[in-house]
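**Q** Below is the structure I would like to discuss, written out as structure tokens.
Read the figures in this text as sums done on the coordinates, not as results from a lab. Computed from a prediction, not measured in an experiment: that's the story for all the values here. Please note: Cβ atoms are built from the backbone with ideal geometry, for glycine as well, and neighbour counts cover all protein chains shown.
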Amino acid sequence: MTLAEALRSRLVEPQSSGLGGGAFLVWYDAATGTVTTLDGRETAPMDVTPQLFQDEAGEPLKFYDAVVGGRSVGTPGTPALMKAAHERWGKKEWPGLFLEAINLADQGFAVSPRLASLVAADAERLGRFPATAAYFLPKGQPLKAGDRLANPAYARTLRALAAGGTDAFYKGVVAQGIVDTVRGAEGNPGVLSLDDLAVYKVKERPAVCVPYRAAEVCGMGPPSSGGLTVGQILGMLENFDIRAMGPESPRAWRLIGDASRLAFADRGRYMADSDFVPMPVAGLTDPDYLRSRADLLAGTEAALPAAEPGRPEFDHAMLWGDDASLELPSTSHVSIVDQYGNALSMTTTIENGFGSRLMAPGGFLLNNELTDFSFRTHEDGLPIANRVEPGKRPRSSMAPTIVMKDGAPLYVTGSPGGSRIIGYVAQNVIGVIDWGMDPQEAAAQPHLVNRFGSYDIEAGTAAGTLAAPLAEMGFEIRQTELNSGIHAIAVTPGGLLGGADPRREGIALGK
């Protein structure tokens, strides 16, 4: 997928991503042999207070009371990320990248069955704000599959970006429209300002790379927890022969589930925006530390009675409380390998489905990314690393990933899915590296995800046969819909192999 195609996807998949959100990008440069990660995560406005998501009694707000409206909107990072990536690695002229999306926005596109069903399910919240209702609920009725939907306001925004670069988004009319929408949201206004938009910067971060089998799994570091937590899960499983057990083995899934629980326990205590919170990144991925955590999984066929955070090596005090922020799934992912051998994995989001439900005058939805912060600032008297602070970037689970071998990409992957992204991506890598699946098989395999104790098993799939044996091992089982969205590419001696998750509307294409 090119930048032009990414702009198109943001038009036709508005519930998941768009100009009003943020993204993380992992890039392998064939010319230099290096992996670079760019952080286009949203930032908290400078006027936020620690009580942003608390009521007058200091108690956390209910999730959707916080989400719907301007309170939850962070400074968008996606346009700046796209520009930064183009300036570093783009080959075509910037203005021409917008033409396809502009034409589609002017002419309209056919509403997909998935978009129509999501609009219908969220009609009450979408109907709270006039501009949003006018777009998604014309004449008071939800869009239907096959309806023709044009977005001339989005076309105007894209023309401004094409002509003026990202200054046309972060300053001027578009920026003023964003701020007015956030601050004027009836019943739940926010505090985003023109200054917040004007000072936004994309940041280059060190990649997090963890050895796994004969490969190295590289992903996004803080403020994403994705690269670290995927790396921790795989680093613990490195000590077990998952390959010999196979994908139908309850023992394999017992190990995967408990490794995930241990990694999520570390995530909840230590992981946040490292510009604001000292983080033991090296300690969390140290092979000796992960081996000690893996020792907790050995010698038993029963689930761990509890998954507590570990004590990774660190040169700071680690007196942190445990976070319990809620991340619901609505995100987009793209994986690319080009003719030059470059590779890209990018995950982008507006957080919850339809974000804050606020439609900016520029024709795009605004994120609710600030609800990825902890609603509490302290736990048992200890500060929570992922608490909200002015200018801070909320912790994310997005896990764009490039698996390297012998200094070159072996596998490029990533997924939507809220905090389940971590489990989806770890399972996908295990499917390819340990179980010999091709990318399509790995993307389509039934999901089993354990984050906080209960084992989520994808309902209506062959994974259901694992429910009883895992329950006997001591897991609480919940069979539910697990809507991922893996997009993956394997680099093989015979060429590229692609896979797209059949649960969504994505597709694997070669040119």
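**Q** Quote the charge dipole size of the chain about the Cα centre in Debye, to the nearest 20; the model charges only the Cβ of Lys and Arg (+1) and of Asp and Glu (-1). It would help to have the intermediate numbers written out before the result.
**A** On the way: 45 positive and 59 negative charges, 261 e Å.
Charge dipole, the chain, about its Cα centre: 1260 debye, nearest 20.
**Q** Would you mind telling me the antiparallel percentage of the DSSP bridges in the range 341-423, rounded to 5? Before the final figure, lay out the partial values.
**A** Details: 8 of 9 bridges.
Taking every DSSP beta bridge with both residues in the range 341-423, the antiparallel ones total about 90 percent.
**Q** Further, regarding this structure: Rounded to the nearest 10 degrees, what's the angle between the helix 3-12 long axis and the longest principal axis of the chain, both from Cα atoms, 0 to 90?
**A** 80 degrees
**Q** What residue among GLY70, SER17, GLY510 has its Cα farthest toward the positive end of the dipole of the chain, where the charges are +1 on Lys, Arg and -1 on Asp, Glu, each on the Cβ?
**A** In the chain, that residue is GLY510.
**Q** Using only Cα atoms and rounding to the nearest 10 degrees, what angle (0 to 90) does helix 78-89 make with the longest principal axis of the chain?
**A** 70 degrees
**Q** Collect residues whose amide H, placed 1.01 Å from N in the peptide plane, falls under 5 Å from the amide H of LEU61; neighbours closer than 5 in sequence don't count.
**A** GLN54, ASP55
**Q** If I take every Cα pair under 8 Å that is 6 or more residues apart in the range 178-286, average their sequence separation and divide by the length, what percent do I get for the relative contact order? Before the final figure, lay out each step's value.
**A** Working: 101 pairs, mean separation 22.8, N = 109.
For the range 178-286, the relative contact order is 21 percent.
**Q** Rounded to the nearest Å, what's the spacing between the alpha carbon centres of the range 19-80 and the range 422-448? Just the number, please.
**A** 28 Å
**Q** Which order results if MET245, MET346 are arranged by neighbouring Cβ count within 10 Å, fewest first?
**A** Lowest count first: MET245, MET346.
**Q** Given Cβ point charges of +1 (Lys, Arg) and -1 (Asp, Glu) and nothing else, what value in debye, to the nearest 20, does the dipole of the range 359-511 about its Cα centre take? Write down the numbers at each step before the final one.
**A** Working: 12 positive and 16 negative charges, 94 e Å.
For the range 359-511, the charge dipole is close to 460 debye.
**Q** Let me ask something additional. Express the relative contact order of the chain as a whole percentage, based on alpha carbon pairs under 8 Å and six or more residues apart in sequence. Could the numbers behind the result be given before it?
**A** Values: 1177 pairs, mean separation 104.1, N = 511.
Here the relative contact order equals 20 percent.
**Q** Compute the helix-to-body angle for 152-164: its Cα long axis versus the longest principal axis of the chain, expressed 0 to 90° and rounded to tens.
**A** Tilt relative to the chain: about 80 degrees.
**Q** Quick one: order TRP435, TRP89, TRP253 by neighbouring beta-carbon count within 10 Å, fewest to most.
**A** TRP89, TRP435, TRP253
**Q** Shifting gears a bit: Taking only DSSP H segments of four or more residues, each worth -39500 (n - 2.57), what value at 222 nm results for the chain once the sum is divided by all its residues, to the nearest 500 deg cm²/dmol? If you can, show how the numbers build up before the last one.
**A** Working: 19 runs with 164 residues, N = 511.
Roughly -9000 deg cm²/dmol at 222 nm, from the helical runs in the chain.
**Q** Calculate one ³J(HN,Hα) per residue across the range 443-458 by plugging θ = phi - 60° into the Karplus curve 6.51 cos²θ - 1.76 cosθ + 1.60, and present them in order as whole Hz with x for glycine and proline.
**A** 5, 8, 4, x, 9, 9, 9, 10, 10, 10, x, 6, 9, 7, 10, 5
**Q** Got a sec? How would HIS333, HIS378, HIS86 order by Cβ neighbour count within 10 Å, fewest to most? Mind dumping the intermediate values first?
**A** Details: HIS333 33, HIS378 13, HIS86 16.
Fewest-to-most ranking of HIS333, HIS378, HIS86: HIS378, HIS86, HIS333.
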